[in-house]
Amino acid sequence: MKLDLAGQVVCVTGGSEGIGLATAKAFANEGAHVVICGRRQSKLDEAVASNSSTNGGTIEAVQADMTKLADIDKLIAHIQSRFGRLDILVNNAGTGIYKPFATVTDDELQDGMAINFFAQFRVSQRALALLKQSSFASIINISGRTAIRGNFPPGSSCTGPAKAAEVRFSVDLATELAEFGIRVNCVIPGVVKSEERLRLWESQASGGQWQADSAIANRDKLEIVSVPKGQTWGLPSDIANVVVFLASPRASYVNGAALTVDGGPHTKSYVSQLYVAQ
Ligand SMILES: NC(=O)c1ccc[n+]([C@@H]2O[C@H](COP(=O)([O-])OP(=O)(O)OC[C@H]3O[C@@H](n4cnc5c(N)ncnc54)[C@H](OP(=O)(O)O)[C@@H]3O)[C@@H](O)[C@H]2O)c1
């Protein structure tokens, strides 16, 4: 299928690793011009260097924290000065914590909303003028299965509602921006194997007893007991492929959708299996 994305201007927040990086590379491979952001310059440099597009697709980076208004403005100003328009915004930057409700601190509660729902709202609002300059614009918000399944994974009382807000926000935005020809869709990943995320989960699931190397050392053992027979892990590219399709003219009749990409309703949570494995 020809996706007709060559020359499109794309912004992927949190594009230096995991799902965001896979998405940035997938767009670049279609010949698009991609601007990514993240907080760590070293990771951004690696991401830019990893672009392997052979058809003119580019990746450039802006160091910016999506929980800071000044940084969001810096990102938007960069896109304005480089391209003067934005065709596709992928609100991907986000994360989660998984711990018992009674132990969630107020900072964790506020941070969870700030990097998930608030960031998607703020970046979309500030990008609107640039999206209006496009002849075929769309926004894709990355949520997560914790948004739609209660107690998935265990200890989701902070992250689940923040990711749920992103699903609801996407529907509202699709309705409100239709008059400008801007489509808005939401992708809801299941468990996706990204290094940083696994490290975080393993550390959290072990009550912080495992950090970095010790978490990784335990991973092989845990993967063997935790992955149900026949189930494969989701990979960042599984999500990226869907995002690229949704942003393309081939999906022009898809608007206000929340598409779950999780291998099916039977798949179990890596984190819940980790809890069992303790
Ligand atoms: N992996 C999964 O299983 C899974 C499941 C469901 C939903 N999701 C959702 O998918 C999205 C991506 O997840 P992932 O697993 O790919 O994450 P990841 O591997 O941890 O990568 C996160 C990316 O976002 C950047 N980032 C983090 N905080 C940021 C901030 N405040 N401002 C700007 N950039 C920031 C990171 O770079 P820096 O750290 O350098 O800033 C990195 O590039 C998130 O919205 C997540 O909630 C993931």
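Nothing in this text is a laboratory measurement; each read-out follows from the coordinates by a stated rule. Note that the structure is predicted; figures quoted are calculated from it, not measured.
Backbone geometry of region 161-172 corresponds, through the Karplus equation with coefficients 6.51, -1.76 and 1.60 at θ = phi - 60°, to 3J(HN,Hα) couplings of x, 5, 6, 5, 4, 5, 5, 5, 4, 4, 5, 4 Hz, x marking Gly and Pro.
Taking amide H as placed 1.01 Å from N in the peptide plane, THR260 has its amide H under 5 Å from the amide H of ILE188, each at least 5 places away in sequence or on another chain. Residues in region 179-189 carry Karplus couplings, in order, of 5, 9, x, 9, 7, 9, 10, 10, 10, 10, x Hz; the curve used is 6.51 cos²θ - 1.76 cosθ + 1.60 with θ = phi - 60°, and Gly or Pro positions show x. How would you classify region 1-139 from its alpha-carbon gyration tensor, with a ≥ b ≥ c the square roots of the eigenvalues: rounded for a/c under 1.5, else prolate if a/b is greater than b/c, otherwise oblate? Because a/c hits 1.5 or more and a/b exceeds b/c, region 1-139 counts as prolate.
Amide H to amide H, with H built 1.01 Å from N, ALA93 comes under 5 Å of THR13, GLY14, counting only residues 5 or more places away or on other chains.
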